[in-house]
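Okay, structure first, notes after.
None of the figures in this text is laboratory data; all of them are computed from the coordinates on show. These figures come from a predicted structure and were not determined experimentally. Neighbour counts are summed over all protein chains in view; Cβ atoms, including those assigned to glycine, are modelled from backbone coordinates with ideal geometry.
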Amino acid sequence: YRLEGVRTDTGETVHFTANFLWMCQGYYRHSEGYTPDWEGMDDFAGEIVHPQTWPEDLDYKGKNVLVIGSGATAATLVPAIAGDCNHVTLLQRSPTYFIPGRNENELADQLRVLDIDESWIHEITRKAILYQQADFTRRAFEEPEVVKEELLAGVREYLGPDFDMDTHFTPKYLPWRQRIAFVPDGDIFEGVKSGKASIVTDEIERFTKKGILLKSGKELEADIIVTATGFNLSVLGDINFSIDDKPLNFADTVTYRGMMFTGVPNLVWVFGYFRASWTLRVDLLGDFVAGLLNHMKAKGVMSVTPALREEDEDMELLPWMDPENFNPGYLMRSMHLLPKRGNKPDWQHTQDYWAEKDELPKIDLDDPIFVYK
C-alpha cells in the first residue's frame, strides 16, 4: 500500500508505504456530528451547538437550553448542565430505552470488603458482566415484551405512577434493536422530578427566531439549542482507496466476518460490538491479525485476500446489518456505504461476542476463503 496524507499542523503532504493495513480508527466521523437540516435554522437568534464540537467558552449559566435528542448523549448532557441553567428542555421525536441504576458495581465492592485480590476481582466482575450481557441479549429476543416492561418499570420507579410513560419513555421498537443508555443514579429522571428539566415528545416543524416550532403548534423558546442528534458513521476512516488505479467502493465488496473484504488484500478493519464492549472484539481481532501475519510469514507469502468459495458464489447478499436486528439512525443512514454480508456465518459480522470468542481463535487460515500470494 502507498498512503498519502496531510499533516494537520503544517499542511504538508506526506507519504507512507505499508505491507498490511490494520484499520483501527473507529466507526464514526470525529470531525463533525450529525445534525439534520431543519428549516429555519438560520432564523434562530441564539446559538446552535452539537455536543461533538462543544465550544469551550459556551456560556449556558442561567439560560434556557433546549436539547434535541433521546439517546445516551442527551441523557448524559441534560443532568450535567441542568444545575447551572435556568431550565433545560429535552425534545425528542421518539423515546428510547434506559437502564437506571447505581453508579457502582456492587459485586466488586462486596469482593473488596472480603479482601479478595484485585486481579481476582477484575476477572470475576468481568465474567459476571459478560454473563449478564449475554442473558439480557438472549431475553431481549426471546421475550422482548417482558424485557420491555422491566425497562419501563425501572424508569417509572423514579418518575412515579402518574408520569406519562406512554408518551415520553415507551419506544416504538423492541429492546436492544438500538443501544440502551445507562442512567447513573437515575440523574436525568431526578432532574425532571425536580423541575429543572422537562421532556417534550414531538416533531420539529421548523426553527424560529426564538426557538423551535413543533408540529403540534407549540413553540419552545430557548437561548441555546443543542443538537444531540447522533453521529455520522465513517467507513474505514472515510479514506479513498484504489486498487490497481481503480477506485474501491467498499459497498461493492462482501465482508468476511466483519473485518476483511473480498478483493481487498492485506487489510483488516476493527469493527466492534453494539451489544457488548467494543474492545472485546478488538482483543479477538488483535489475536487474529497476529496469527494471520505469523501464518503468512511461515508460508512465505506477501498477501492474503478473502474470496468467495465456489459454494458461496450463489449466496444471497444482504445489507451489512439486518434492520430487524439492529437499526439505530446512524447505521440506517450509512448502510449504502457498508460492505454486503452473506447468509452464512463466514460472511457476516454476527455481533455475537459469546459465539465469536470461541469461533475466531479456531479460524482455519488455510481455508480456501484466504487466497495467498
Legend entry - Amide H partners (placed H, <5 Å) of Arg206, local residues excluded: Leu213
Legend entry - Label-to-label distance, nm, for residues given as Ala80 and Asp9 (7 Å Cα→Cβ offset): 2.8 nm
Inset, instruction - Please order Thr125, Thr13, Thr89 by the number of other Cβ within 10 Å, starting at the fewest. - result: Thr13, Thr125, Thr89
Legend entry - Theoretical gain in end-to-end length, Glu311 to His30 [0.36 nm per residue, Cα-Cα removed]: 97.2 nm
Inset, instruction - Could you pull out every one of the aspartates and glutamates with an alpha carbon less than 17 Å from that of Lys357, ignoring same-chain neighbours closer than 8 positions? - result: Glu123, Asp135, Asp283, Asp287, Asp346
Inset, instruction - With +1 on each Lys and Arg Cβ and -1 on each Asp and Glu Cβ, and nothing else charged, work out how big the dipole of the chain is about its Cα centre, in Debye to the nearest 20. - result: 320 debye
Legend entry - Farthest positive-ward along the chain dipole, Cα basis, beta-carbon charges - from Gly195, Ser242, Gln133: Ser242
Inset, instruction - Extending each Cα 7 Å along its Cβ direction at Arg206 and Arg126, get the distance between those two points in nm, one decimal. - result: 5.6 nm
Legend entry - Relative packing of peptides 163-171, 142-150 - highest average C-beta neighbours within 10 Å first: 163-171, 142-150
Inset, instruction - Please arrange Phe182, Phe136, Phe189 by counting, for each residue, the other beta carbons lying within 10 Å of its beta carbon, fewest first. - result: Phe182, Phe136, Phe189
Inset, instruction - Rounded to the nearest 0.05, what FRET efficiency do Lys297 and Asp244 give with R0 = 25 Å and r taken as the Cβ-Cβ distance? Could you check? - result: 0.50
Legend entry - Loop-resident sites, region 32-81, for GluC sites (Glu not before Pro), counting at most 13 other Cβ within 10 Å (DSSP): Glu39, Glu56
Inset, instruction - Using the Karplus curve 6.51 cos²θ - 1.76 cosθ + 1.60 with θ = phi - 60°, work out ³J(HN,Hα) for each residue of region 69-82 in order, rounded to whole Hz, and write x for Gly and Pro. - result: x, 9, x, 5, 5, 4, 5, 7, 5, 4, x, 5, 10, 4
Legend entry - Lysine pair number, Cα distance threshold 21 Å (strictly under), region 35-229, separation 8 or more or different chains: 15
Inset, instruction - Identify the GluC sites (Glu not before Pro) of region 169-209 meeting these criteria: DSSP loop state and at most 13 other C-beta atoms within 10 Å of the C-beta. - result: Glu203
Inset, instruction - Work from the charge dipole of the chain (Cβ charges, +1 for Lys and Arg, -1 for Asp and Glu, about the Cα centre) and give the residue of Phe44, Tyr353, Gly83 farthest towards its positive end. - result: Phe44
Inset, instruction - Give the calculated FRET efficiency between Met23 and Asp162 to the nearest 0.05, with a Förster radius of 51 Å applied to their Cβ-Cβ distance. - result: 0.50
Inset, instruction - Calculate, for Tyr1 and Ala72, the FRET efficiency according to 1/(1 + (r/R0)^6) with r their C-beta to C-beta distance and R0 41 Å; round to the nearest 0.05. - result: 0.70
Legend entry - Long-range amide H partners of Asn64 with built H, under 5 Å: Asn86, His87, Asp223, Ile224
Legend entry - Estimated distance in nm for a label pair at Ala134 and Thr350, the labels positioned 7 Å out from Cα along Cα-to-Cβ: 1.2 nm
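In whole percent, what relative contact order does region 1-140 give with Cα contacts below 8 Å and a gap of six or more residues?
13 percent
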Legend entry - region 35-229: relative contact order in percent, alpha carbon pairs under 8 Å with at least 6 residues between: 42 percent
Inset, instruction - Enumerate the amide H contacts of Gly101 below 5 Å, restricted to partners 5 or more residues apart or on another chain; note that Pro and chain-start residues carry no placed amide H. - result: Val183, Asp185, Gly186
Legend entry - the chain - mean residue ellipticity at 222 nm from DSSP helices (-39,500 (n - 2.57) per run, n ≥ 4, rounded to 500): -9000 deg cm²/dmol
Inset, instruction - Count neighbours as other Cβ atoms within 10 Å of each site's Cβ, and list the GluC sites (Glu not before Pro) in region 280-328 that are DSSP loop with at most 14 such neighbours. - result: Glu313, Glu316, Glu324
Inset, instruction - Can you tell me the relative contact order of the chain? Whole percent, Cα pairs under 8 Å, sequence separation 6 or more. - result: 22 percent
Inset, instruction - Could you point to the label whose value was computed as P(r) over Cα pairs in 10 Å bins from 0, in percent for the structure here, given [x] 4, 19, 26, 24, 18, 8, 1, 0; [y] 5, 26, 36, 25, 7, 1; [z] 4, 14, 12, 10, 9, 8, 7, 6, 6, 6, 6, 6, 4, 2, 0? - result: [x]
